[in-house]
Amino acid sequence: MAEKFYQNFIKDDRWKYLTDGLLTTLEITLFAVLIGILLGFLVAVIRSTYEKTGKLKILNFICNVYLTIIRGTPVVVQLLITYFVIFAAFDINKVLVAILAFGINSGAYVAEIIRGGILSIDNGQFEAGRSLGFNYPQTMIYIILPQVFKNVLPALANEFIVLLKETSVAGYIALQDLTKGGDIIRSQTYSATMPLLAVAAIYLVLVMIFTYLVKCLERRLRNSER
């Protein structure tokens, strides 16, 4: 066991494949989440506005096309199309390509989560906003969305966890993420058990840490309501 550990992680500093890959995975996940949340909020507001007021018909159509395409195709295919088709003629950083691909993919699912949260808010809240002199955008920003965020936080956290694990396919565009780092070690040592178990353990620890942080945030939000 000690010899296998030495061969897989210590010799030739092979552990660096995992640490470097981990940093890449976290970088992709963090920025993809930010893109996903911003894009998801925008799409959700457009779609919910159309459903409640009948306005923004063209934008709603565009959003529906976006949701249909993104949710109807695998994220691996979207990643490959983004890199080998859309940016094929450009010398662009692979990490940036992965961030864009995963961010756009996540935005479709975040949009439906937030839209569901908006539609779950009682119409009396919108009427209360109008009675305070707010127009529709102001009512959405100051009254509706803060409530929506509290309601959909668990679902958003789950989407973040899913996104973190989905980045494991970034190796398809020869990007050295955490999973690819473990695979490189396996290809050098011809031993699959230790590097793959190490990769799985790192993902598990990351998910556990993030789950704990989300629970702390949920607890603080509940306490703030008292």
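The values are calculated or read from the model by the stated rules, or taken from the named source; none is laboratory data. Everything quoted here is computed from the prediction, not taken from an experiment. Here the Cβ is made from the backbone with ideal geometry for all residues, glycine too, and neighbour counts use every protein chain on show. Areas reflect the complete protein model, heavy atoms only, side chains present, ligands, DNA and RNA absent. Shrake-Rupley method; radii C 1.70, N 1.55, O 1.52, S 1.80 Å.
If you take every residue apart from VAL43 with its C-beta less than 10 Å away from the C-beta of VAL43, what net charge results, scoring Lys and Arg +1 and Asp and Glu -1? Summing Lys and Arg as +1 and Asp and Glu as -1 gives +1. Of the residues GLY107, GLY133, GLY116, the one that moves most in a GNM of the chain with alpha-carbon contacts below 10 Å is GLY133.
A Förster radius of 22 Å combined with the Cβ-Cβ distance from ALA174 to LEU197 puts the calculated FRET efficiency at roughly 0.40.
A Förster radius of 41 Å, combined with the Cβ-Cβ distance separating GLN147 from ILE92, puts the computed FRET efficiency at roughly 0.55. Counting only residues at least eight positions apart within a chain, or on another chain, the aspartates and glutamates with an alpha carbon under 14 Å from that of LYS11 are GLU3. Measuring nothing but alpha carbons in the stretch 112-186 and taking Rh as the Kirkwood radius, the Rg to Rh ratio lands at 1.32. Of the chymotrypsin sites (Phe, Trp or Tyr not before Pro) found in the stretch 134-220, the ones in coil according to DSSP and having at most 16 other Cβ atoms within 10 Å of their Cβ are PHE134, TYR190.
Each distinct pair of alpha carbons in the stretch 16-221 adds a 1/r term; the inverse of their mean, the Kirkwood radius, is 18.7 Å. Structural descriptor for the stretch 16-221: relative contact order 31 percent, calculated from alpha carbon pairs under 8 angstrom and at least 6 residues apart. Helix 94-120 against the longest principal axis of the chain: what's the angle in degrees, Cα atoms only, rounded to the nearest 10? Helix 94-120 and the main axis of the chain meet at about 40 degrees.
Measuring nothing but protein heavy atoms, the accessible surface of the chain at 1.4 Å probe radius is 65 percent carbon and sulfur. Between 0 and 90 degrees, the angle of helix 178-189 with respect to the longest Cα principal axis of the chain falls at about 10 degrees.
Between LEU56 and PHE210, the simple spin-label model (points 7 angstrom out along Cα→Cβ) gives 2.7 nm. If the cut-off is a Cα-Cα distance under 17 Å, which lysines reach LYS94, setting aside same-chain residues fewer than 8 apart in sequence? Within the straight-line cut-off, LYS94 pairs with LYS180.
In the chain, helical runs assigned H by DSSP with n ≥ 4 each contribute -39500 (n - 2.57); averaged across all residues and rounded to the nearest 500, the mean residue ellipticity at 222 nm is -25500 deg cm²/dmol. Largest first, the residues VAL205, VAL33 sort by 1.4 Å accessible area into VAL205, VAL33. Taking all protein chains as shown and a probe of 1.4 angstrom, PHE84 keeps an accessible surface of around 120 Å².
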